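> Just passing along the structure, written as structure tokens.
The values are calculated or read from the model by the stated rules, or taken from the named source; none is laboratory data. Bear in mind that the values here come from a model prediction, so they are computed numbers and not experimental data. Note: ideal-geometry Cβ built from the backbone for every residue, glycine included; neighbour counts use all protein chains shown. Surface accessibility is based on the protein's heavy atoms, side chains included, excluding ligands, DNA and RNA. Shrake-Rupley method; radii C 1.70, N 1.55, O 1.52, S 1.80 Å.
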Amino acid sequence: MSNKTLELATFAGGCFWCMVKPFDEMPGIEKVVSGYTGGTIENPTYEQVKTGTSGHYEVVQITYDPSLFSYEKLLELYWPQIDPTDPDGQFFDRGPQYRTAIFYHTSEQQKLAEASKKAIEESGRYKKPIVTEIKKATYFYEAEDYHQHFYKKNPEKYKQERIESGRDAYIKEVWG
């Protein structure tokens, strides 16, 4: 039996399908689950969340071993996956359910998230203001099974989604 201490990190970065793979299978990452947080409906369905009226964000919740993969490294991996200047969604996914946010689980995560956001703001990489919110984590609802690890279950559709959305072109342009 292992004595490792696992922690949670929760990130909203637009469509959760595109947010799993960058974190999945990294050393120290135990699991990445697609889901919903921040809304007003208990146990929301995808059909409810996609309307944009439930108040939920599409998120990934990451269970990780901080001795192998630090929260700072998670943040370094998070920022290049998103356009933190877009208040209305991400790429071709529009609506409040696709906004970006970092949901902190501890005061230490809050401090680190705020410091990383400040570093991004001061980096000069973006001309527009950074609108990614840093919010206290609330109840997490796991998304339906067909959303979990979509990139593995539907590799061609996943690849097409990333191209059509403009996410990959954006990442290449902004982050190289």
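> Looking at segment 118-133, which of its residues are open to solvent by 40 Å² or more (accessible area, probe 1.4 Å) and either assigned to a loop (DSSP other than H, G, I, E, B) or within 30 Å of residue 51 (Cα to Cα) (or both)?
Hits for segment 118-133 are 123, 124, 125, 127, 128, 129, 131, 133.
> So is residue 61 of a type in the set (S, T, N, Q), surrounded by 17 or more Cβ atoms within 10 Å (Cβ to Cβ) and in contact with a helix residue (DSSP H, G or I) (Cβ under 6 Å, 6 or more places away or on another chain) or not?
For residue 61, the condition - of a type in the set (S, T, N, Q), surrounded by 17 or more Cβ atoms within 10 Å (Cβ to Cβ) and in contact with a helix residue (DSSP H, G or I) (Cβ under 6 Å, 6 or more places away or on another chain) - is not met.
> Given the conditions (1) farther than 14 Å from residue 15 by Cα; (2) crowded, with 18+ Cβ neighbours inside 10 Å, and given that residue 162 satisfies all but one, which numbered condition is not satisfied?
(1)
> Among what's in segment 66-78 and is more than 21 Å from residue 4 (Cα to Cα) and out of contact with any strand residue (DSSP E or B) (no Cβ under 8 Å at 6 or more places or on another chain), pick the residue that is most open to solvent (accessible area, probe 1.4 Å).
Filtering segment 66-78 for residues that are more than 21 Å from residue 4 (Cα to Cα) and out of contact with any strand residue (DSSP E or B) (no Cβ under 8 Å at 6 or more places or on another chain), the one most open to solvent (accessible area, probe 1.4 Å) comes out as 76.
> Moving on to the next point. Of the conditions (1) in contact (Cβ under 8 Å) with a residue 24 or more places away in the chain; (2) under 19 Å from residue 50 (Cα atoms); (3) assigned to a helix (DSSP H, G or I), residue 141 fails just one. Which one is it?
Checking residue 141 against (1) in contact (Cβ under 8 Å) with a residue 24 or more places away in the chain; (2) under 19 Å from residue 50 (Cα atoms); (3) assigned to a helix (DSSP H, G or I), the one that fails is (3).
> Let me ask something else about it. Is there a residue in segment 79-88 that is of a type in the set (D, E, K, R), over 18 Å from residue 10 (Cβ atoms) and open to solvent by less than 70 Å² (accessible area, probe 1.4 Å)?
yes
> While we're looking at this one, here's another question. Condition (residue is within 24 Å of residue 87 (Cβ to Cβ), touching a strand residue (DSSP E or B) at 6+ places or on another chain (Cβ under 8 Å), open to solvent by less than 70 Å² (accessible area, probe 1.4 Å) and not charged (D, E, K, R)) applied to segment 143-150: is it met by at least one residue?
yes
> Related question: With the requirement that a residue be open to solvent by less than 20 Å² (accessible area, probe 1.4 Å), within 20 Å of residue 171 (Cα to Cα) and either free of Cβ contacts under 8 Å to residues at least 24 places away in the same chain or touching a Leu at 6+ places or on another chain (Cβ under 7 Å) (or both), what does segment 1-51 give you?
23
> Could you tell me whether any residue of segment 96-117 is more than 24 Å from residue 147 (Cβ to Cβ), of a type in the set (A, V, I, L, M), buried (at least 16 other Cβ atoms within 10 Å of the Cβ) and touching a residue at least 24 places away in the same chain (Cβ under 8 Å)?
Within segment 96-117 (the criterion being more than 24 Å from residue 147 (Cβ to Cβ), of a type in the set (A, V, I, L, M), buried (at least 16 other Cβ atoms within 10 Å of the Cβ) and touching a residue at least 24 places away in the same chain (Cβ under 8 Å)), the answer is yes, since at least one residue qualifies.
> To continue, here is another question. Could you please give the count of residues in segment 118-154 that are within 24 Å of residue 41 (Cβ to Cβ) and of a type in the set (Val, Ile, Thr)?
Of the residues in segment 118-154, 3 are within 24 Å of residue 41 (Cβ to Cβ) and of a type in the set (Val, Ile, Thr).
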